[in-house]
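My questions will all concern the structure given below.
The values are calculated or read from the model by the stated rules, or taken from the named source; none is laboratory data. Please read these numbers as outputs of a predicted model, since none were measured by experiment. Using ideal geometry, Cβ is built from the backbone for each residue, glycine included, and neighbour counts are taken over all protein chains shown. The protein model used for the area step is the full one, side chains on, heavy atoms only, and it has no ligands, DNA or RNA in it. Shrake-Rupley method; radii C 1.70, N 1.55, O 1.52, S 1.80 Å.
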Amino acid sequence: MVIISSVEQNSYADRAGICGGDVLVSVNGNEIFDVLDYRFYLTERNLALVLHRDGQSFEKEIRKGEYEDIGLEFDTPLMDKKRRCQNACIFCFIDQNPKGMRETIYFKDDDSRLSFLHGNYITMTNLSEHDVERIIKMHISPVRVSVHTTEKDLRCEMMKNRRAGECLSYLRRFADAGLEICAQIVLCKNVNDGEHLDRSMRDLCEYIPSLTSVSVVPVGLTRHREGLYPIEPFTAEDCENVISQVKKIGDECMEKYGSRIFFASDEFYLKSGKAIPDSEYYDGYPQIENGVGMLRSFEDECLDEISYIDRDKVRKRTVSVCTGAAAFDMLEGIKDLLAPIGIDAKIYKIRNDFYGESVTVSGLLTGGDIAAQLEGCELGEELFVPANALRSGEDIFLDDMTLSELSERLSVKVTPVGEDGCEFVSRLIGEIA
């Protein structure tokens, strides 16, 4: 049972007399514990709801369209508390944060419901038999799984969880039930790379066609690793070897299944010095949120938008963009294409002093680093910062500096811009205010 926080005005629930503060017990005889139960049983046209109010039980019947909402609202999207991760992974990024940050930064979630709602990856170590059966019954798909390795003992060692190996069996049950599986492998040098990576990829091929994509990404290492498991960074040669490994399996899958399935993330290409493949290589970008083909997609979107610009209508102006080291060279190329039409874009590469120079992605930049490194620089009439460096839904960086504080410190209008190349170009030329 879950507490209803409010009811949308003039909704089915409002017209049925349901109120905020009522407790939802069941829908059509099925007890409601969280968002998965609620969403699944709400698809019926005829609903019989059992509720509690002031200690008294009562029922309401609602007839609606098959996928229509009834207007109930809850305090959290999960309608329940997040499930805390039970692992102590040797590569966990949360453990590599410095002390003194806001409390939410240190919360480790490993919740299958967040995978359903937001695309989070889960290790499956938190799943009970009831959870597995419910995922299959409700046909929750895709299931996004952090695999890391298919060797049971090695997986237990990497995650410091005795269940980490045995719960790999859930993959077979999900595949047999026809669920789509997306997987990721966080690669640690001298741990699950080399022959271990090759074995993991070949083992995962057994789940095709349910397995639709796998990203191989390098472990993120910050400068705050005191007392943690010693992990070496990948060299340029290491990265080239990983790319070759992943491409070999991907080529085999392309020939056999018509899809590449396995992809190395952009970071491997950048560090190896190899060119990022063309867009056709990425099969529609199934792992773009894991940094697979993200730079290629962004650049292509920028180039496409630039090709449609009416140059006679562009107002000449000077603006600035801050970015991490990973995207700097690509953005420099975009800047050069905008210069002939009157847009003077200053691209500034921000060194990540907060986490360490080895962290090069824009999403982990802090307001403090941006402010310190851009003071005294020519910023033009507007500074664009990566939107993914801000807390979701808020104007605050990881170090708690706000956009307004950054704007005041640098004496310039500061605007967050997303990962869509068309939006990026439109903002730079002033089409989007």
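With the cut-off at 22 Å, tell me which of the pairs Lys137/Lys160; Lys99/Lys346; Lys152/Lys248; Lys189/Lys271 have Cα atoms farther apart than that.
From the list (Lys137/Lys160; Lys99/Lys346; Lys152/Lys248; Lys189/Lys271), the Cα-Cα distance tops 22 Å for Lys137/Lys160; Lys99/Lys346; Lys152/Lys248.
Compute the convex hull volume of the Cα atoms of the range 246-405, divide it by the residue count, and report the result per residue in Å³ as a whole number.
It is 138 Å³ per residue.
Further question on the same structure: So what's the gap between the Cα centers of the range 398-433 and the range 284-319, to the nearest angstrom?
16 Å
Turning to a different aspect of this structure: Expressed as a whole percentage, what fraction of the accessible surface of the chain belongs to carbon and sulfur atoms when a 1.4 Å probe is rolled over the protein heavy atoms?
47 percent
Find, among the trypsin sites (Lys or Arg not before Pro) in the range 281-339, those assigned to loop by DSSP (not H, G, I, E, B) with at most 15 other beta-carbon atoms within 10 angstrom.
Arg315, Lys316
Residues of the range 199-242 with amide nitrogen under 15 Å from the 7 Å Cα-to-Cβ point of Asn120?
None, by backbone N distance to the label point.
In the P(r) worked out for the range 1-76, what percent of Cα pairs fall beyond 16 Å?
Every Cα pair in the range 1-76 considered, those over 16 Å come to 42 percent.
Can I ask one more? Based on the Cβ-Cβ distance from Asp312 to Cys377, what FRET efficiency comes out when R0 is 25 Å, to the nearest 0.05?
0.20
Could you tell me which of Gln373, Gln245, Gly227 has its Cα farthest along the dipole of the chain towards the positive end, charges placed at Cβ (Lys, Arg +1; Asp, Glu -1), taken about the Cα centre?
Working it through, the farthest residue towards the positive pole turns out to be Gly227.
Once label points are set 7 Å from the Cα along Cα→Cβ at both Asp75 and Glu31, what is their separation, rounded to one decimal in nm?
According to this spin-label approximation, the distance is 2.0 nm.
Hey, another quick one. With only Lys, Arg, Asp and Glu charged, each at its Cβ (+1 for the first two, -1 for the last two), find how big the charge dipole of the range 311-414 is about the Cα centre; round to the nearest 20 debye.
520 debye
So which GluC sites (Glu not before Pro) in the range 252-357 end up in coil per DSSP with only 14 or fewer other C-beta atoms within 10 Å?
Glu357
Taking N as the number of residues in the chain, what is its Cα Rg relative to 2.2 N^0.38 Å?
1.10
Still on this structure, I have one more. Using a Förster distance of 22 angstrom, determine the FRET efficiency expected from the C-beta separation of Asp353 and Glu289, and round it to 0.05.
0.25
Modelling each spin label as a point 7 Å along the Cα-to-Cβ direction, I'd like the Ser392/Asp203 distance in nm, to one decimal.
3.0 nm
Could you do me a favour and compute the accessible area per residue for the chain, 1.4 Å probe, result in Å²?
Spelled out: the 1.4 Å probe surface of the chain, per residue, equals 48 Å².
So, one more: Most fluctuating residue of Gln287, Gln86, Gln56 in a GNM of the chain with Cα springs under 10 Å: which is it?
Checking each option, the largest mean-square fluctuation is seen for Gln56.
Under a Cβ-Cβ cut-off of 10 Å, what is the net charge of the residues other than Glu423 that fall near it, where Lys and Arg count +1 and Asp and Glu count -1?
-4
How far apart, in nanometres, would the label points at Ser57 and Asp14 be if each is projected 7 angstrom from Cα along the Cα-to-Cβ direction?
3.0 nm
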